[in-house]
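The values are calculated or read from the model by the stated rules, or taken from the named source; none is laboratory data. All figures in this text were calculated on a predicted structure; none of them were measured in a lab. Here Cβ is always computed from backbone atoms with ideal geometry, including for glycine, and neighbour counts include all displayed protein chains.
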Amino acid sequence: MLAGCALAHGKASVASGASQAAAEQSVQNDTYDVQRKILGGVREHCCVRVLACTWNMAGQPPPTAETLWQCGVVPHPSGARHHVVAFGTQECERSIQASAFNPSKAAWETVLQEALGPSYRAVSASNLQSTHLIIFVHAALLPAIGDVQAGAVARGLQGTLGSKGGVAVGFSLGNTSMLFLCCHLCAGEAPTDAAKRNADANAIDRGLDLCPAGAPPSVRGRSRCSSRYDRCVVLGDLNYRVRMPRAKAEEVLATGDLARLAGADELRRDMRRRLVFEGFGEAPLLFRPTYKLDREGIAFESHQAGKLILQRDAAWRGATTDVMGGRTEGQGKGKRQGSGEGEMGVVSHDGPATRLVYQKHATSLPSTQSTRAWPGPYDSSKKQRVPSWTDRVLVKPPNSHMHPVGYYAVWTALGLSDHVPVHAHVSVRLRTQGTARADRVDAMHAAWRAVGRPWLPHEAHQGTRRWVLAAR
């Protein structure tokens, strides 16, 4: 009897194991089919969606993956809609001084991989003391990735230390070369500090020796690394400030006139003068300055401080925003924001939680002056730093090849650092002409034999959003 029971149990175990193996095989087949459709969609539309993130972590240890999801710093795997994710951090894991002795960012990379999920694979990372850049690509696009390169240029202490500088990762997606550059430039509000930042940014661009494989001599001979690649994204704590007295900046913030504040931004001023980042562009600055924020007394677990900003801005604009889909609906009677360089006709994006907050609170909060009269939780120390957009994302070329879908500050992460993370969603058009990298193109075409429905909606190239061309 016991033997019979044991035999029956063994048969049940075998059956259970067979069904589990079948289930796993089914999941693998489904995953393979999805990846074929994703890759086929990219081939059909010659377009990929890129999420570029920059965050100065103020030397804090990495948050958990759950915290990153809750705060909207990293999209949850269930809602992932990007082909490429570039995450640049400054003062990551530990302070600049401590990073000189222990520059490892292994813990942060592990948390990011966990947050993004198994569908994304790390292509490459580049690290310089406390400045870090890592590139993730959806697994479906791995057959099309090649020519991966990484580099770094130190600019601390007259170019000898890694306390400031830039890190870069370059690769080819099919026959399109892409460069991501993360910078941490020198700080300071003195009038001469902007010139130092310009010099550092130009030195980093010229100092990187990355170049696409198979590039002709005319391309290899270009002095700037960003000019050797087809598509380029610059992100990081660029540290450019708003040239305005603190009291005046608070007064302007209280009225919500971001266009006036953006008009005093050092970076846009110097880009117009072609002093730095020539050929780059940036989407309109339609979010509040991201530096320097007070961390004391803010319970970021409840996100109430960040939601307060979103609620006030939502009530003022009277709009709803779908950040991930790149759509803006309902302009209401709120004032539409410009960039300080002409009306752009774009409503602000303030983070992944914006849509939720708008829908829940926009109708209950009156659009009154009292709702807007709050400059924000900015520096209350003796230095009284002027609220500034130090954290930026720039693209090159700033045209239909790199189309902005969303550009916003993740205010729901308020309290994790004295900076707020900044996200840019960019729809990148791929090259369709052949190049010398024919072997990589052939490999990609082999992976694209089965064409399915596109993963990236073609509507990403529709709408009124456009880059602010800094160099006219």
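Key figures
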read-out	value
Pair list, Cβ under 9 Å, 6 or more apart: the range 130-158 residue on the phi > 0 side of the Ramachandran plot, other residue at pLDDT 90 or above and outside any helix (DSSP H, G or I)	147/170; 147/171; 147/172; 147/177; 147/212; 147/213; 157/164
Residue 232, sole failed condition from (1) in contact with a Pro (Cβ under 9 Å, 6 or more places away or on another chain); (2) part of a helix (DSSP H, G or I); (3) within 27 Å of residue 420 (Cβ to Cβ)	(2)
Filtered residues of the range 255-265 (kept if closer than 11 Å to residue 288 by Cα and either hydroxyl-bearing (Ser, Thr, Tyr) or over 23 Å from the mean Cα position of the chain (by Cα) (or both))	256, 257
Boolean, residue 218 is crowded, with 17+ Cβ neighbours inside 10 Å and in a helix (DSSP H, G or I)	no
Candidate set from the range 259-291 (those that are of a type in the set (Phe, Trp, Tyr) and within 22 Å of residue 179 (Cα to Cα)); member that is surrounded by the most Cβ atoms within 10 Å (Cβ to Cβ)	277
Selected residue (criterion: surrounded by the most Cβ atoms within 10 Å (Cβ to Cβ)) from residues of the range 114-161 that are of a type in the set (S, T, N, Q) and closer than 19 Å to residue 60 by Cβ	131
Selection within the range 125-138 - more than 17 Å from the chain's Cα centre (by Cα) and either part of a loop (DSSP other than H, G, I, E, B) or closer than 14 Å to residue 173 by Cβ (or both)	129, 130
Complete set of residues in the range 224-251 that are surrounded by 21 or more Cβ atoms within 10 Å (Cβ to Cβ) and out of contact with any Ser or Thr (no Cβ under 6 Å at 6 or more places or on another chain)	225, 226, 228, 231, 233, 234, 238, 240, 249
The range 194-251: number of residues that are small (Gly, Ala, Ser), in contact with a helix residue (DSSP H, G or I) (Cβ under 6 Å, 6 or more places away or on another chain) and at pLDDT 95 or above	2
Among residues of the range 179-204, those that are surrounded by fewer than 24 Cβ atoms within 10 Å (Cβ to Cβ), in contact (Cβ under 8 Å) with a residue 40 or more places away in the chain and either among the β-branched types (Val, Ile, Thr) or in contact with a Lys or Arg (Cβ under 7 Å, 6 or more places away or on another chain) (or both), counted	3
Residues that are modelled with pLDDT under 50 and touching a Gly at 6+ places or on another chain (Cβ under 7 Å), drawn from the range 353-392	353, 362, 367, 372
Out of 468, 395, sole residue that is of a type in the set (A, V, I, L, M) and modelled with pLDDT of 80 or more	395
Neighbours by Cβ (under 8 Å, 6+ apart or cross-chain): first from the range 377-389, surrounded by 14 or more Cβ atoms within 10 Å (Cβ to Cβ); second in a loop (DSSP other than H, G, I, E, B) and aliphatic (A, V, I, L, M)	377/298; 377/414; 386/244; 389/285
Some residue of the range 110-124 being assigned to a loop (DSSP other than H, G, I, E, B), of a type in the set (Lys, Arg) and modelled with pLDDT of 90 or more	no
Flag if residue 182 is over 19 Å from residue 50 (Cβ atoms) and within 16 Å of the chain's Cα centre (by Cα)	no
Test for residue 292: is it at pLDDT 90 or above, over 17 Å from residue 393 (Cβ atoms), of a type outside the set (A, V, I, L, M, F, W, C) and under 20 Å from the mean Cα position of the chain (by Cα)	yes
